[in-house]
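Participant: Pasting a structure here, questions to come.
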Amino acid sequence: QVQLLESGGGLVQTGGSLRLSCTASGSVSTIYAMAWYRQRPGKQRELVAVITSRNSTNYSDSVKGRFTISRDNAKNTVYLQMNSLKPEDTAVYYCNAKCPIRNTWGQGTQVTVSS
């Protein structure tokens, strides 16, 4: 079983930056990809970015060019660097570990971008 611990959310002004971290523990060898999702107020949860065990990445169109997902395998940690933040990026951000049997979700971290 995998456990995830997220950190790094907060309040930032439009145009600012934040970096989210997600550290995995437990059966980390079963993880084949890590992803960040977000849930904006009144919206469904949506995929923001994903990184595979081979460091292949993919982004939603809404964040492409502004957000960067990366990983530090030695620390079992995945990061989401968020630049040029906009008020519409305001959401609860969730880390997700993709494993063959089941996916695991983090507890979520709030990101608020003020205009």
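The values are calculated or read from the model by the stated rules, or taken from the named source; none is laboratory data. Not measured: the values here are computed from a predicted model. FYI the Cβ positions are ideal-geometry reconstructions off the backbone, even for glycines, and counts take in every protein chain you see. Ligands, DNA and RNA are excluded from the accessible area calculation, which covers all protein heavy atoms including side chains. Shrake-Rupley method; radii C 1.70, N 1.55, O 1.52, S 1.80 Å.
Participant: Short version: ³J(HN,Hα) in whole Hz for each residue of the range 24-36, in order, from phi by Karplus 6.51 cos²θ - 1.76 cosθ + 1.60 (θ = phi - 60°), x for Gly and Pro, what are they?
Facilitator: 9, 9, x, 7, 5, 5, 8, 6, 10, 6, 10, 9, 10
Participant: Another one. Please identify the trypsin sites (Lys or Arg not before Pro) of the range 38-91 that satisfy two criteria: DSSP loop assignment and at most 16 other Cβ atoms within 10 Å. Which are they? All intermediate terms of the calculation are to be shown ahead of the outcome.
Facilitator: Numbers: sites: R38, K43, R45, R54, K64, R66, R71, K75; in loops: K43, R45, R54, K64, R66.
Sparse-neighbourhood loop trypsin sites (Lys or Arg not before Pro): K43, R45, R54, K64, R66.
Participant: Between K64 and T112, how many nm apart are label points set 7 Å from Cα along the C-beta direction?
Facilitator: Here the answer is 3.2 nm between the modelled labels.
Participant: For W105 and S84 in one chain, what is 0.36 nm times their gap in residues minus the Cα-Cα distance, to one decimal in nm?
Facilitator: Full-extension gain reported as 5.0 nm.
Participant: Measure off, as a whole percent, the carbon and sulfur share of the 1.4 Å-probe accessible area of the chain, all protein chains present.
Facilitator: The nonpolar share, carbon plus sulfur, comes to 47 percent.
Participant: Report the net charge of residues surrounding P87, where surrounding means a beta-carbon distance below 15 angstrom and charges are Lys +1, Arg +1, Asp -1, Glu -1.
Facilitator: Surrounding charge for P87 is +3.
Participant: In whole Hz, what ³J(HN,Hα) sequence does the range 7-21 give by Karplus (6.51, -1.76, 1.60; θ = phi - 60°), x for Gly and Pro?
Facilitator: Residue by residue, the range 7-21 yields 7, x, x, x, 9, 9, 7, 3, x, x, 10, 9, 10, 9, 10 Hz.
Participant: How far is the Cα center of the range 58-115 from the Cα center of the range 32-53, in Å?
Facilitator: 6
Participant: Here's something else I'd like to know. So which chymotrypsin sites (Phe, Trp or Tyr not before Pro) in the range 1-102 are both in a DSSP loop and have at most 13 other Cβ atoms within 10 Å of their Cβ?
Facilitator: Qualifying residues, ordered by number: Y32.
Participant: Express the accessible area of the chain per residue in Å², computed with a 1.4 Å probe while the remaining protein chains stay in the model. Display every interim value, and only then the final one.
Facilitator: On the way: 6170 Å² over 115 residues.
Heavy-atom accessible area per residue stands at 54 Å².
Participant: Taking Rh as the Kirkwood radius computed over C-alpha pairs, what is the Stokes-Einstein D of the chain at 4 °C in a medium of viscosity 1.567 mPa s, expressed in µm² per second?
Facilitator: Reported coefficient: 92 µm²/s.
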